[in-house]
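Asks: Below you will find the structure I want to go over with you.
The numbers here are math on the coordinates, done by the rules we state, and not lab data. Since the structure is predicted, the reported quantities are computational estimates derived from the model, not experimental observations. Quick reminder, even Gly has a Cβ in these numbers, built from the backbone with ideal geometry, and neighbours come from all protein chains shown.
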Amino acid sequence: MMLHTALIAIAVALQGGTQPSQRPAPDTQTVAYQVSGIKVIQRINRSTNLVAVRVYLLGGTRQLVPVTAGIEPFLIRASAYGTARFPGVETQRAMAQTGAQVLLDAAADWTVFGFVGLSREFEGSWRVLADRLASPTLKSDAVERARSRLLGETRLRYTDPDQRLHLLATRSRFAGHPYALDPWGTEFSLGEISAKDLAAYHDAQIVKSRMLLVVAGNVEQATVERLVGETLGQLPQGTYRWTLPPAAPQRDSRWLIEARPLPTNYILGYFTGPPPQSSEYPAFVVATQFLSGAVGGAVRQARSLSYASYAPLIEQAIPVAGVYASTASPGEVMRILDDQVEFLRGLNIPQEFVSQLVDKMLIYQMMTGGTNDEQADQLARAELYFGDYRRAGPNMQRLRGVKSREVAEVTDKYLRSMSYGFIGDTAKMRGHW
């Protein structure tokens with residue numbers, strides 16, 4: 001049975017994948033420069049009529065304590081209802097007229113605020129975005145409208161089983177670490193943050209030293225320099241200095257459990273891996289793909305015990321991977337998950353299978369990673385995690401050098417202590433904690 005499961009794992013990990021179509025390489029040029037104290041990375045691509053802009057506000061959950069969780073997305077959401085240059089509804093109306101799609105994402109390492117829009121509308125889109133960061137009016141009605149929206153989203157996030165499960169597993173693994181805080185906030189924190197708090201946070205924390213600006217698409221460097229200098233370049237410099245977060249705490253396996261009388265039970269276990277700049281990281285990524293195939297094959301395909309079972313991978317300064325399953329038979333599934341993790345730790349995967357999986361991962365990256373928005377994200381991650389935006393391309397190519405023995409080493413080293421979240425009927429676990 002163990003050998004059969006291993007073969008299922010390899011087959012699942014390697015299945016699928018199509019050859020990418022042959023497209024001409026875009027005319028690109030990537031440069032880095034400073035504008036009034038703001039670091040800018042720009043990839044100029046003249047083969048498109050789009051441009052992606054991402055402003056990274058660095059620090060993420062390290063900026064927070066429990067009572068201020070969510071303050072940064074709260075501030076940016078409130079800015080949608082009025083700024084100095086675009087008062088009231090003019091803020092959203094002015095951006096809508098450009099056709100740009102606005103992005104806001106709060107994560108463990110940073111908050112991203114940006115847009116994807118037409119190159120010919122770049123100046124108009126930029127001025128709205130910059131004014132939202134530099135000069136939000138934060139009137140009481142704007143703050144309350146933003147609070148109402150965020151509270152509604154938070155209630156959904158904390159009641160939807162899958163989203164709630166991620167929060168539980170994260171707290172379980174990172175208790176006592178900044179990553180344990182929810183960057184989007186809780187009902188309590190969002191209810192307590194006042195307009196005065198938002199204004200004080202803006203004055204203290206929306207500073208140039210916390211910003212990394214990435215622009216990808218068809219826009220001239222001179223245009224970016226001029227507009228940044230006229231807008232965000234006028235903000236205070238601040239004294240922030242980006243560093244990688246502290247290491248995850250060492251701990252034995254632990255559980256955070258929410259007992260609910262649900263027909264479907266939800267299990268999610270997280271373990272941490274080596275940082276992205278580590279020589280072990282490529283093998284860790286590959287090992288996670290094999291683990292995903294193993295748990296999916298053993299739980300879902302071989303036994304039909306779940307409609308979704310896989311190994312998630314969260315790429316951040318402290319990477320997280322794990323095992324997930326939704327099932328009516330959590331006790332049986334938990335036993336299978338443990339077996340798959342333990343067996344993979346001792347499995348010597350043939351090099352040919354490792355190479356085939358890496359090829360498929362790189363093909364997928366080629367097919368899905370070519371948009372301006374995705375390129376901007378890759379450039380930022382390379383700059384912040386590796387200290388050099390030029391590592392954005394070579395970073396994926398590091399996978400090509402992964403050896404079978406390296407996969408075996410990282411699985412044995414990192415798949416040892418997993419922290420879990422569980423939502424469902426605890427009686428059905430039958431002691432499999």
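Asks: Around ALA130, with a cut-off of 14 angstrom between Cβ atoms, what is the net charge of the other residues, counting Lys and Arg +1 and Asp and Glu -1?
Replies: +2
Asks: Also: For the chain, what is the calculated [θ] at 222 nm in deg cm²/dmol (nearest 500), taking -39500 (n - 2.57) for each run of four or more DSSP H residues and dividing by its residue count?
Replies: One gets -13000 deg cm²/dmol as the mean residue ellipticity at 222 nm.
Asks: So for the chain, taking the charge dipole from beta-carbon charges (+1 Lys/Arg, -1 Asp/Glu), which of MET95, PHE386, GLN42 sits furthest toward the positive end?
Replies: Of the options given, the answer is PHE386.
Asks: How much length is gained if the chain between TRP255 and ALA96 is pulled fully straight, taking 0.36 nm per residue apart and subtracting their Cα-Cα distance, in nm to one decimal?
Replies: 52.7 nm
Asks: For the range 197-353, take the alpha-carbon Rg, divide it by the Kirkwood Rh, and send me Rg/Rh.
Replies: When Rh is taken as the Kirkwood radius, the ratio is 1.14.
Asks: For the range 250-429, what proportion of DSSP beta bridges, expressed in % and rounded to the nearest 5, is antiparallel?
Replies: Once the DSSP bridges in the range 250-429 are tallied, antiparallel ones form about 75 percent.
Asks: In the range 288-345, what is the volume of the convex hull around the alpha carbon atoms, normalised per residue and reported in Å³?
Replies: 77
Asks: Can you pull a Stokes-Einstein diffusion coefficient for the range 250-429 at 10 °C (1.306 mPa s), Rh from Kirkwood over Cα pairs, as a whole number of µm²/s?
Replies: 92
Asks: For ARG62 and SER279, what does the FRET efficiency come to when R0 = 30 Å and r is the distance between their Cβ atoms, rounded to the nearest 0.05?
Replies: It comes out at approximately 0.70.
Asks: Which of THR83, ASN218, LEU347 sits closest to the plus end of the dipole of the chain, meaning its Cα is farthest towards the positive end, when Lys and Arg get +1 and Asp and Glu get -1 on the C-beta?
Replies: LEU347
Asks: Report the local net charge at GLU332: Lys and Arg +1, Asp and Glu -1, summed over other residues whose C-beta lies under 12 Å from its C-beta.
Replies: Residues close to GLU332 contribute a combined charge of +2.
Asks: Continuing with the same structure: Might you report the magnitude of the Cβ-based charge dipole of the chain about its Cα centre, with Lys and Arg at +1 and Asp and Glu at -1, to the nearest 20 debye?
Replies: Roughly 120 debye for the chain.
Asks: Please list, or write none, the lysines whose alpha carbon is within less than 17 Å of the alpha carbon of LYS413, excluding same-chain residues fewer than 8 places away.
Replies: By straight Cα distance, LYS413 reaches LYS403.
Asks: Near LYS428, which aspartates and glutamates are there with a Cα under 19 Å away, not counting those fewer than 8 places off in the same chain?
Replies: Leaving aside aspartates and glutamates fewer than 8 places away in the same chain, those within reach of LYS428 are ASP162, GLU258, GLU332, ASP338, ASP339.
Asks: Related question: Report the antiparallel proportion of the DSSP beta bridges in the chain as a percent, rounded to a multiple of 5.
Replies: Approximately 80 percent, going by the DSSP bridge assignments.
Asks: Mind listing the Cα extents of the chain along all three principal axes, in Å, largest one first?
Replies: The principal-axis extents, from largest down, are 67, 51, 36 Å.
Asks: What Kirkwood hydrodynamic radius, in Å, does the range 28-234 give when the mean of 1/r is taken over all pairs of distinct Cα atoms and then inverted?
Replies: This gives a value of 17.7 Å.
Asks: Related question: Using Cα atoms only, what is the angle between the long axis of helix 122-134 and the major principal axis of the chain, expressed in degrees (0 to 90) to the nearest 10?
Replies: Relative to the chain, helix 122-134 is tipped by roughly 90 degrees.
Asks: Ok, one more. With each label point set 7 Å from Cα along the Cα-Cβ vector, what nm distance links ARG120 and TYR364?
Replies: The answer from the label model is 3.8 nm.
Asks: May I pose another question? Can you bin every Cα-Cα distance in the range 172-263 into 10 Å intervals starting at zero and give me the percent of pairs per bin, rounded to whole numbers?
Replies: That works out to 11, 24, 30, 21, 10, 4, 0, in percent per bin.
Asks: Net charge around LEU58, counting only other residues with Cβ within less than 13 Å of its Cβ (Lys, Arg = +1; Asp, Glu = -1)?
Replies: Local net charge: +4.
Asks: What's the angle, to the nearest 10 degrees (0 to 90), between helix 404-414's Cα axis and the longest principal axis of the chain?
Replies: It works out to around 80 degrees.
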